[in-house]
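Below is one structure, written out as structure tokens; comments come after it.
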Amino acid sequence: MKLLIKNGRIITSNKIIDADILCENKKISKIKSNISSKNADEIIDASGKYIFPGGIDPHVHMHLPTQAGYSSDDFYSGSIAALVGGTTTIIDFVTPHKGQSLIEALKERKKEASNSIIDYSFHVSPIEWNSDTKEEIKTLIKKEGITSFKVYMAYKDTIGLEDEDIFNVMKAVGKYGGIVTMHCESGDEIEEIRNSLAKERKLTPWYHPLSRPAKMEAKAVKKAIKLAKKSKCPLYIVHVSSKKSLKYIRKAQKKGQKIFAETCPQYLLLDDSKYIGRFKDAAPYIMSPPLRKPKDNKALWQAIQKEIIQTIGTDHCPFMLEQKKLGILDFRKIPNGAGGVEHRLALIFTYGVLENKISLNRFVNIISTNAAKIFGLYPQKGEITAGADADLIIWNPEIENTISKKTHHQNCDNNIYEGFKTKGEAEYVISNGEVMVKKGQIIKENNGSFIKRFNK
């Protein structure tokens with residue numbers, strides 16, 4: 001299969017090139033001007049369009065088990081939503097049961113992900129430290145190509161770890177060449193606040209952000225950075241939501257510590273006013289960390305501009321309204337999470353690039369290239385170069401849309417970006433050399449594959 005893309009404007013993390021792209025055998029084989037169309041099986045005229053590398057979302061939760069049932073997108077429906085929005089690779093999570101080996105949990109998760117139509121990989125989450133954990137981490141890195149391990153400073157009654165265990169995980173991961181990704185919230189103190197609010201019968205969604213204040217994120221970020229330095233382990237801080245956290249991240253980065261930061265579209269574009277009102281209106285926005293203040297939105301955009309923040313993931317984890325109703329009498333029981341994998345590129349292009357907050361090159365960095373570099377996928381993914389996977393987006397910058405639960409592809413009856421206007425669309429999406437989205441619609445469904453990642 002030879003696919004030729006002609007007359008497009010190629011945007012990479014550091015270049016803008018007017019050239020043609022030839023794709024063969026799932027790879028980009030040639031990039032130059034005026035490539036002959038002779039022998040091409042399919043030709044796309046990309047005149048007036050941008051060509052981006054396929055998006056990489058480093059933070060999604062498909063088919064996540066909770067007390068309210070599984071998150072409403074499995075790997076099939078979630079990957080469709082991702083692909084339509086221009087994301088061709090996702091990194092999800094492996095979370096074992098208590099007493100289960102990390103290696104066995106990975107095998108089970110691969111089976112659950114086998115119906116994904118795009119490429120995928122995983123972060124593995126140690127939820128306890130025992131005599132086998134260190135060796136399991138070594139095996140996952142050396143034999144399975146898992147390079148990243150997520151730990152939680154919150155949720156200690158289920159998946160969170162105490163500081164000593166976090167340190168043990170970080171030492172092992174650092175020793176064998178991996179990276180720890182960290183959910184930074186001071187879990188013990190947050191539980192005290194939540195329980196105190198419950199005693200006062202303050203249980204509506206409005207109290208969710210009050211129970212998880214920004215200072216609890218910042219305090220945890222500070223501690224995580226300290227643990228990373230002591231353990232000599234690279235650290236990736238997920239879903240940074242607050243201005244307070246950024247000062248610690250920036251300080252550590254300036255000192256040369258290997259610290260990476262991620263934020264999400266919801267923390268750039270939404271604020272805690274969403275928690276005001278009726279349960280059905282506020283509940284979709286229950287996520288952790290919660291939405292913050294407009295000043296935090298502004299600070300996060302500035303941090304992207306200054307390269308303090310390297311990536312934008314989505315923390316995609318949608319639930320039906322009926323599932324959210326589990327906590328109708330107690331916000332603590334509302335399942336945490338919202339959808340977003342489909343809208344990430346359009347939102348960041350519209351409210352980032354078109355509002356002159358970021359350049360086209362910076363856009364490519366934060367939606368694809370940086371994640372590929374941090375998580376061992378580069379240059380196979382995240383780059384437009386000869387020999388790379390032919391994961392490409394032909395982006396029409398003129399198409400206008402309005403986000404709606406009526407037209408989105410995620411399997412969910414609500415959308416936290418309902419009514420948002422966007423400009424720019426993934427008109428064609430190419431995954432491993434195959435055109436899978438045309439004119440914004442799925443035309444082909446190939447099986448995605450598990451990607452082994454290795455640090456170089």
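The values are calculated or read from the model by the stated rules, or taken from the named source; none is laboratory data. Please read these numbers as outputs of a predicted model, since none were measured by experiment. Using ideal geometry, Cβ is built from the backbone for each residue, glycine included, and neighbour counts are taken over all protein chains shown.
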TODO: Would you mind finding the one in I127, I146 that is touching a residue at least 40 places away in the same chain (Cβ under 8 Å), closer than 30 Å to G382 by Cβ and not aromatic (F, W, Y)?
DONE: I146
Task: Filtered residue count, the stretch 1-45, keeping only those that are among the charged types (D, E, K, R) and either farther than 28 Å from R362 by Cβ or part of a loop (DSSP other than H, G, I, E, B) (or both) - done: 7
TODO: Pick out the one residue from G8, G55 that is surrounded by 20 or more Cβ atoms within 10 Å (Cβ to Cβ) and within 18 Å of the chain's Cα centre (by Cα).
DONE: G55
Open item on the list: Just to verify a result, which residue in the stretch 266-308, among those that are acidic (D, E) and in a helix (DSSP H, G or I), is nearest to the chain's Cα centre (by Cα)?
Closed with: D296
Task: Failed criterion for I394 (all others in (1) within 18 Å of the chain's Cα centre (by Cα); (2) crowded, with 21+ Cβ neighbours inside 10 Å; (3) at pLDDT 95 or above hold) - done: (1)
Open item on the list: So A388 passes all but one of these: (1) surrounded by fewer than 18 Cβ atoms within 10 Å (Cβ to Cβ); (2) within 25 Å of L22 (Cα to Cα). Which condition number does it fail?
Closed with: (1)
TODO: Please list, ordered by first then second residue, the pairs with beta carbon atoms under 6 Å, 6 or more apart or interchain, first in the stretch 79-93 and outside any strand (DSSP E or B), second of a type in the set (G, A, S).
DONE: S79/S116; G86/G55; G86/A426
Open item on the list: Being modelled with pLDDT of 95 or more, surrounded by 21 or more Cβ atoms within 10 Å (Cβ to Cβ) and either among the acidic types (D, E) or in contact with a Phe, Trp or Tyr (Cβ under 7 Å, 6 or more places away or on another chain) (or both): is that true of H316 here?
Closed with: no
